[in-house]
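Every read-out reported here was derived from the displayed coordinates using simple, explicitly stated rules and does not represent laboratory data. All of these numbers come straight from a predicted model, not from anything done at the bench. Cβ atoms come from the backbone with ideal geometry, glycine included; neighbour counts cover every protein chain shown.
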Amino acid sequence: MTDNKNFDVIIVGGSYAGLSAAMSLGRALRSVLIIDSGLPCNRQTPHSHNFITQDGEKPIVIAEKAKKQVLKYDTVKFLTDLAVNGTKTDKGFEITTQSGKIFSAKKLIFATGLKDKMLNIKGFSECWGITVLHCPYCHGYEVRNQKTGIFANGYGAFHLARLIRNWTKDLTIFTNGKSELTKEQTDEIKRHNISIVEKEVTSLKHKDGVVEEIIFADNSTFKLEVIYSRPPFEQHCKIPELLGCELTEQGLIKVDALQKTTVDNIFACGDNTNPLRSVPYAVSAGSIAGVAINNAMTEEEFLK
Ligand SMILES: Cc1cc2nc3c(=O)[nH]c(=O)nc-3n(C[C@H](O)[C@H](O)[C@H](O)COP(=O)(O)OP(=O)(O)OC[C@H]3O[C@@H](n4cnc5c(N)ncnc54)[C@H](O)[C@@H]3O)c2cc1C
């Protein structure tokens, strides 16, 4: 770290989106502080896919490699800490960390990701990212043609069934209670030989996250190999809201095409702004945010 307390830009969140933004800014000779608490959303998944040059790599290896490349630039500093508060000042912003440090910057980037809220089903969180999957583009190829379940109800279940059918035809929807699918959706699903099970799910029997069977409230069981689920999420960091950044109906930070939030001089990028959750998307959005901030700063400086 450094004794410097004042930066051009503070980036809260130093995973894929934050490191990518830091790369653009550091190379543009901006002084940058990254503050990161070390809890990326994909930390439990053994391998990351669908990002060219890094396909099949461990998530932490991709992040560590990125961090090493970014920290080669002496313009960029990295602090492992949790940002707990943010305030607006005359010159920009102040960010306070859990360890009691205070830093200031002209502009902020939040690359803080999302927190997935695990379903209240025993074994669900242990299997998350291993055999309970959020995205077929990330992991569908590896589990193609396997005996697969979908934990969802209503339109979400219909949408997932239609999508996942591309990777496997052995599909069952578990609505965990009464089905909320419409008659038309149910007819379509049945036409494709996808069953719907409405029983209440109590737990997943698994070995080290590898699911073996679903256990229902009536003690009956269902053997399968993989489950897709899109659990609810929340913003990992509440500081953007505290500073007045608007959220969308989905609970994502509202940004324009250059990743600018609804508050001047605050940008956001990565999962916290977009439902297309993926490492390549986060890297791309981070790069756009970094370039957009540098462009804004060069313009401001030129006009002075
Ligand atoms: C189980 C799972 C598996 C996945 N598999 C794949 C895959 O195979 N391929 C793929 O492309 N994508 C995959 N994804 C999606 C991918 O992981 C995300 O899109 C990506 O991690 C988003 O990057 P990000 O930088 O926006 O957020 P994250 O990677 O979630 O990082 C956010 C960072 O911000 C930090 N942070 C948050 N709040 C604060 C704070 N207040 N102070 C300091 N730091 C803070 C966190 O600790 C974290 O390090 C997967 C996601 C999940 C959940």
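Kindly indicate the residue of the stretch 61-86 that is of a type in the set (Val, Ile, Thr) and loosely packed, with under 14 Cβ neighbours inside 10 Å and also nearest to the chain's Cα centre (by Cα) among those meeting that condition.
So the residue we want is 61.
Which condition does residue 112 not pass, out of (1) part of a loop (DSSP other than H, G, I, E, B); (2) surrounded by fewer than 19 Cβ atoms within 10 Å (Cβ to Cβ); (3) within 12 Å of the ligand (Cβ to nearest atom); (4) in contact (Cβ under 8 Å) with a residue 12 or more places away in the chain, if it passes all the others?
It fails just one condition, (2).
Among the numbered conditions (1) within 16 Å of the ligand (Cβ to nearest atom); (2) in contact with a strand residue (DSSP E or B) (Cβ under 6 Å, 6 or more places away or on another chain); (3) closer than 20 Å to residue 157 by Cα; (4) of a type in the set (A, V, I, L, M, F, W, C), tell me where residue 194 comes up short.
Result: residue 194 passes all but (1).
Inspect all residues belonging to the stretch 265-274 and state whether any of them is within 11 Å of the ligand (Cβ to nearest atom), in contact with a Gly (Cβ under 7 Å, 6 or more places away or on another chain) and assigned to a loop (DSSP other than H, G, I, E, B).
Yes, there is a match, as at least one residue in the stretch 265-274 is within 11 Å of the ligand (Cβ to nearest atom), in contact with a Gly (Cβ under 7 Å, 6 or more places away or on another chain) and assigned to a loop (DSSP other than H, G, I, E, B).
Could you run through the stretch 25-45 and say how many residues are more than 16 Å from the chain's Cα centre (by Cα) and in a loop (DSSP other than H, G, I, E, B)?
4
Restricting attention to the stretch 1-56, report how many residues are in contact (Cβ under 8 Å) with a residue 12 or more places away in the chain and either under 14 Å from residue 237 (Cβ atoms) or of a type in the set (Ser, Thr, Tyr) (or both).
23
Would you check if residue 216 is under 15 Å from residue 119 (Cβ atoms), among the hydrophobic types (A, V, I, L, M, F, W, C) and more than 22 Å from the chain's Cα centre (by Cα)?
yes
Can you work out which of the residues in the stretch 120-141 that are more than 17 Å from the chain's Cα centre (by Cα) and surrounded by fewer than 18 Cβ atoms within 10 Å (Cβ to Cβ) is nearest to the ligand (Cβ to nearest atom)?
Result: 141.
Out of (1) within 30 Å of residue 106 (Cα to Cα); (2) part of a strand (DSSP E or B), what's the single condition that is false for residue 257?
Single failed check for residue 257: (2).
Would you mind stating whether residue 288 is aliphatic (A, V, I, L, M) and not in a helix (DSSP H, G or I)?
no
In the stretch 155-198, how many residues are within 26 Å of residue 142 (Cα to Cα) and touching a helix residue (DSSP H, G or I) at 6+ places or on another chain (Cβ under 7 Å)?
Total satisfying the criteria: 11.
What number goes with the only condition from (1) over 18 Å from the mean Cα position of the chain (by Cα); (2) surrounded by fewer than 16 Cβ atoms within 10 Å (Cβ to Cβ) that residue 249 does not pass?
Status for residue 249: all satisfied but (1).
Could you list all residues from the stretch 56-81 that are part of a strand (DSSP E or B) and among the basic types (Lys, Arg)?
77
Inside the stretch 12-24, can you point out the residues that are out of contact with any Lys or Arg (no Cβ under 7 Å at 6 or more places or on another chain) and in a helix (DSSP H, G or I)?
16, 17, 18, 20, 21, 22, 23, 24
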